[in-house]
Structures are given as C-alpha cells and as structure tokens.
Amino acid sequence: MALVLILQLLTLFPPALYPKPWLGAQPATVVTPGVNVTLRCRAPQPAWRFGLFKLGEIGPLLFRDVSSELAEFFLEEVTPAQGGSYHCCYRRPDWRPGVWSQPSDPLELLVTDSSSSDYTQGNLVRLGLAGLVLISLGALVTFDWRSQNRAPAGVRP
C-alpha cells in the first residue's frame, strides 16, 4: 500500500523530484535576421516529450517527442519578432497530462538587424583624423603668419 502511495505521489508531483533541463542555442544567442537557430534542450535523464516555451506565450511553442536526453528545436530564418526569452521543459509518459519538469534557466535570444551596428570605433578614427588635419592647418597658418611678420634682411621698419 505504501509503495502504491509513493508511486502516485511521484506521478502527481514529478517537477520537484527531477532537475531542470539545460537550454542552449547554436550558432549563438545573438544573431542577425535570416539565420537558422537551433535551440537544444537537454534533460538530466531520458524524457518522452520536450516543450519549448517563450515568455509571453500561453503554451509551448513547439513539441519534440523523443526517447533521449536531447531535443532540438529549429527556428528557420529568424526574425526580430522571434527574439525573446525561451525556456524548455520535459515530461515522462508516466506523469499526469499537463505536468512538466521544472523549467530550464531562461535563454535570451536576440535577433538584431546588422545595420544597427556600433559605429563608435569608426567615429573615433574619423575624429582623430579630423583633429590631425586641424593641427596641421594650424601649424601651416602659424608658419605663414611668422614668415610674413619677419622683415627681410637689411630692411628696417
């Protein structure tokens, strides 16, 4: 009887008993639009179903039914709208319907437009060159002014 009760409790409350999965992104968590991204969810033990969740969405975005510790979710030609905070969960066939593991740590996927690059370095180079040109012009003006203020040899004012 006690064994049956323990098995029922394991079925009712599995999230507290199993560690959370790990979620990673390939090729990176910061990508440009149009890149294919693979989100990999790894459970600490073989699972039956994996779910990919996005912050702000009601249910899982994608499911993967596998009998291993790893599920891959493919996001093809991502857009900025697909950026956001993702997490994954897993479940086993002996759990009640709708019961999932603890969620993975969140993964922030950032889809940035390549035209929104950081121009700081280029601007610093341009400012440096502009400063060098100004110093050179100042030196030329000073040299010219000094040469005009000198009296020719043998002529007194």
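Nothing in this text is a laboratory measurement; each read-out follows from the coordinates by a stated rule. Nothing here was measured: the structure is a model prediction, and the numbers come from that model. Here the Cβ is made from the backbone with ideal geometry for all residues, glycine too, and neighbour counts use every protein chain on show.
Figures for the structure shown
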item	result
Placed amide H near GLY83: partners under 5 Å, 5+ positions off or other chain	VAL111
Mean Cβ neighbour count within 10 Å, used as a protection proxy, ranking 33-43, 56-66, 90-100, 128-138 highest first	33-43, 90-100, 56-66, 128-138
Dipole magnitude (debye, nearest 20) for the range 18-83, charges at Cβ of Lys, Arg, Asp, Glu	240
Sequence-distant residues sharing a close amide H with THR29 (under 5 Å, placed H)	none
Taking the range 11-111 and dividing mean pair separation by its residue count, relative contact order in percent (alpha carbons under 8 Å, at least six apart)	38
Simple spin-label estimate for TRP22 and ASN149 in nanometres, 7 Å along Cα-Cβ	7.3
At q = 0.18 Å⁻¹, base-10 log of I(q)/I(0) for the range 11-111 (Debye sum, equal scatterers on each alpha carbon)	-0.78
